[in-house]
Amino acid sequence: QVQLVESGGGLVQAGGSLRVSCAASGIIFSMSTMGWYRQAPGKQRELVAEFTSGGTTSYADSVKGRFTISRDNRKSTVYLQMDRLNADDTAVYYCHSNWGGGYWGQGTQVTVSS
């Protein structure tokens with residue numbers, strides 16, 4: 001079955017960095033567009049960054065220049081490097097694959113203390 005397993009969340013001070021990872025199984029990873037979404041309390045889930053199977057990346061305006069999405073097709077893993085974090089980045093971060101009907105990970109909490 002398809003599994004997307006996130007890891008690497010945690011508590012970090014404002015201005016700090018964190019990297020979250022998402023290991024995928026049960027999909028053809030190299031043919032999948034992988035994305036990172038986040039959902040803060042009381043807010044809708046929003047797209048943070050995306051890495052298409054063709055190699056194109058895109059970012060939400062709020063994270064451009066601070067976050068970097070990358071992928072390792074040999075390891076079926078997508079990463080999100082988050083730098084210069086601020087309190088507005090506090091959220092549960094979810095991994096998404098567009099393979100088949102679309103799949104979500106269980107989420108990993110990122111908390112930025114000010």
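So the values come out like this:
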read-out	value
Given 11 as the ceiling on other Cβ atoms within 10 Å, longest exposed-site-free region of the chain for trypsin sites (Lys or Arg not before Pro) in DSSP loops	1-42
Estimated vicinal HN-Hα couplings, Hz - the range 15-24 in sequence order (Karplus 6.51, -1.76, 1.60; Gly, Pro = x)	x, x, 10, 7, 10, 10, 10, 9, 9, 10
Extension gain from Asn73 to Ala87, taking 0.36 nm per residue of separation minus the Cα-Cα distance	1.9 nm
Relative contact order (%) - the chain, alpha-carbon pairs under 8 angstrom, separation at least six	36
Accessible area of the chain belonging to carbon and sulfur atoms, whole % at 1.4 Å probe	46
Rounded to whole Hz, the Karplus (6.51, -1.76, 1.60) HN-Hα couplings of the range 56-61, x for glycine and proline	8, 10, 8, 9, 5, 4
Per residue accessible area of the chain, 1.4 Å probe, in Å²	52
Inter-centroid distance (Cα atoms) of the range 1-50 relative to the range 91-114, Å	4
Two-site label geometry, Ala60 and Arg19: point separation in nm, points 7 Å out along Cα→Cβ	2.2
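The values are calculated or read from the model by the stated rules, or taken from the named source; none is laboratory data. Predicted model, so just to flag it, every value in this text is computed and none were measured. Cβ coordinates were reconstructed from backbone atoms using ideal geometry, including for glycine residues, and neighbour counts include every protein chain displayed. Note: areas computed on protein heavy atoms with side chains; ligands, DNA, RNA excluded. Shrake-Rupley method; radii C 1.70, N 1.55, O 1.52, S 1.80 Å.
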